[in-house]
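The values are calculated or read from the model by the stated rules, or taken from the named source; none is laboratory data. Just so we're clear, the structure is a prediction, and the values are computed from it rather than from any experiment. Cβ coordinates were reconstructed from backbone atoms using ideal geometry, including for glycine residues, and neighbour counts include every protein chain displayed. With ligands, DNA and RNA removed, areas are computed over all heavy atoms of the protein, side chains included. Shrake-Rupley method; radii C 1.70, N 1.55, O 1.52, S 1.80 Å.
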Amino acid sequence: GSPCPPRMPQSPCWPQSPACSPSTDADMRRVVQGLLNKACPENVATILEKIAALGVRETGHLEILVELIFKKALAEPHYCETYADLVFGLQVTLPAFAREGEAGPSLTLRTALLGVCQREFEGLLADLEAKDAEVHDLEELEHLRKQRRERLRANVRLIGHLFLRKLLATKVVGRLALELTNCNAEDQPPEEHAVESACELLLSVGYTLELHPAGAEVLECVCARMQRLKDRKAEPEGKKGLYCKRVQFAIQDLLETRAAGWSKRSFKSAAKTKQEIREQQARDEWLAKTPHGAPSPGVEQVVVGQRPAYLSGGILAGG
């Protein structure tokens with residue numbers, strides 16, 4: 001996770017130099033893309049400061065920033081936490097903008113990003129449920145669907161990490177989990193990609209979601225639904241499951257992780273700082289000297305779905 005909070009500006013007015021501000025959309029895109037290409041858990045505070053210092057003062061530049069952060073998060077899902085940390089830090093440094101020609105709340109980095117996430121989510125669901133009549137090659141069709149499934153899972157993972165940083169309400173995440181699993185339509189089992197995305201989402205947020213009464217209620221409903229879906233057969237008297245083994249295993253992993261208090265074996269795929277890696281190596285070396293305590297290579301026990309340490313510890317906890 002995130003061991004420390006991204007550094008915030010010393011005052012509400014970040015010192016911005018107009019001379020350093022990109023003058024055109026193309027310049028803004030080039031500079032922001034270059035900074036995001038260097039982003040990692042260890043330097044997120046530095047990247048945050050440099051983006052904030054660019055002087056985003058118009059809606060077009062805000063939309064470019066949102067688009068590029070979103071694309072990077074989907075292209076590099078193992079860095080989702082880093083990009084969510086970046087959004088958390090930038091949210092308090094960038095101004096809000098009036099919506100051009102529209103009434104209603106101002107446009108902020110958070111609302112713009114959530115809008116992009118929602119549109120992408122709805123678009124991917126529609127694409128995955130379409131028949132792809134224009135694609136005739138089965139291998140090409142499967143490759144296309146695999147890409148869409150991966151984007152959908154990365155999207156819900158990003159949504160989950162935004163929720164963990166209090167940038168998204170519990171009811172929104174709950175509604176998403178209910179929608180992915182068709183909890184309100186018992187006789188309509190969801191598609192495999194929707195079930196996998198629901199598992200991805202709940203593993204990302206389950207621990208924290210269950211701390212809220214409304215979230216716990218959603219989890220109870222969704223996990224009971226998942227168990228029924230896992231046990232369901234493709235044919236009334238048949239032996240073959242409704243879903244393939246991959247999806248059945250994903251459901252089982254979710255249910256077992258919840259039963260274990262959201263603790264599970266992690267294969268260290270998440271991005272870490274050098275300090276976190278050193279600390280984990282020290283723990284592994286200590287365990288290796290303990291009878292029967294040697295860990296499997298690359299494996300650790302973690303509690304998933306917690307808020308970042310800088311929020312769960314009360315630091316910068318607002319909203």
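Per the conditions (1) at positive phi; (2) free of Cβ contacts under 8 Å to residues at least 12 places away in the same chain, the sole criterion not satisfied by G261 is (2).
Across region 226-242, which residue is farthest from the chain's Cα centre (by Cα) among those that are acidic (D, E) and more than 25 Å from L201 (Cβ to Cβ)? So that I can check it myself, show each step before the final result.
At the first step, the residues of region 226-242 found to be acidic (D, E) are 231, 235, 237.
With more than 25 Å from L201 (Cβ to Cβ) added as a condition, the list becomes 235, 237.
Details: E235: 35, E237: 39 Å.
It comes out as E237.
Summed over region 58-94, the residues that are in contact (Cβ under 8 Å) with a residue 40 or more places away in the chain and among the charged types (D, E, K, R) give a count of 4. Of all residues in region 162-173, those satisfying the criterion of being in a helix (DSSP H, G or I), in contact with a helix residue (DSSP H, G or I) (Cβ under 7 Å, 6 or more places away or on another chain) and open to solvent by 20 Å² or more (accessible area, probe 1.4 Å) are T170, K171.
Taking first residues from region 166-187 that are modelled with pLDDT of 90 or more and partners that are basic (K, R) and not in a loop (DSSP other than H, G, I, E, B), the Cβ contacts under 6 Å between residues at least 6 apart in sequence or on separate chains come to L167/R110; T181/R225; C183/R225.
Tell me, which residue of region 139-161 that is of a type in the set (A, V, I, L, M) and farther than 29 Å from P308 by Cβ is least open to solvent (accessible area, probe 1.4 Å)?
Start the filter on region 139-161 by keeping residues that are of a type in the set (A, V, I, L, M), which leaves 141, 144, 152, 154, 156, 158-159.
Pick out the ones that are also farther than 29 Å from P308 by Cβ and you get 141, 144.
Numbers: L141: 21, L144: 48 Å².
Filtering region 139-161 for residues that are of a type in the set (A, V, I, L, M) and farther than 29 Å from P308 by Cβ, the one least open to solvent (accessible area, probe 1.4 Å) comes out as L141.
Filtering region 37-62 to residues that are open to solvent by 20 Å² or more (accessible area, probe 1.4 Å), over 20 Å from T108 (Cβ atoms) and among the hydrophobic types (A, V, I, L, M, F, W, C) leaves only C40.
Within region 291-301, is there a residue that is hydrophobic (A, V, I, L, M, F, W, C), closer than 28 Å to R165 by Cβ and at pLDDT below 90? For region 291-301, residues hydrophobic (A, V, I, L, M, F, W, C), closer than 28 Å to R165 by Cβ and at pLDDT below 90: present.
For every residue, the table says whether it meets (1) more than 15 Å from A177 (Cβ to Cβ); (2) among the basic types (K, R).
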position: E217; (1), (2): no, no
position: C221; (1), (2): no, no
position: A224; (1), (2): no, no
position: G238; (1), (2): yes, no
position: G241; (1), (2): yes, no
position: R246; (1), (2): yes, yes
position: L254; (1), (2): no, no
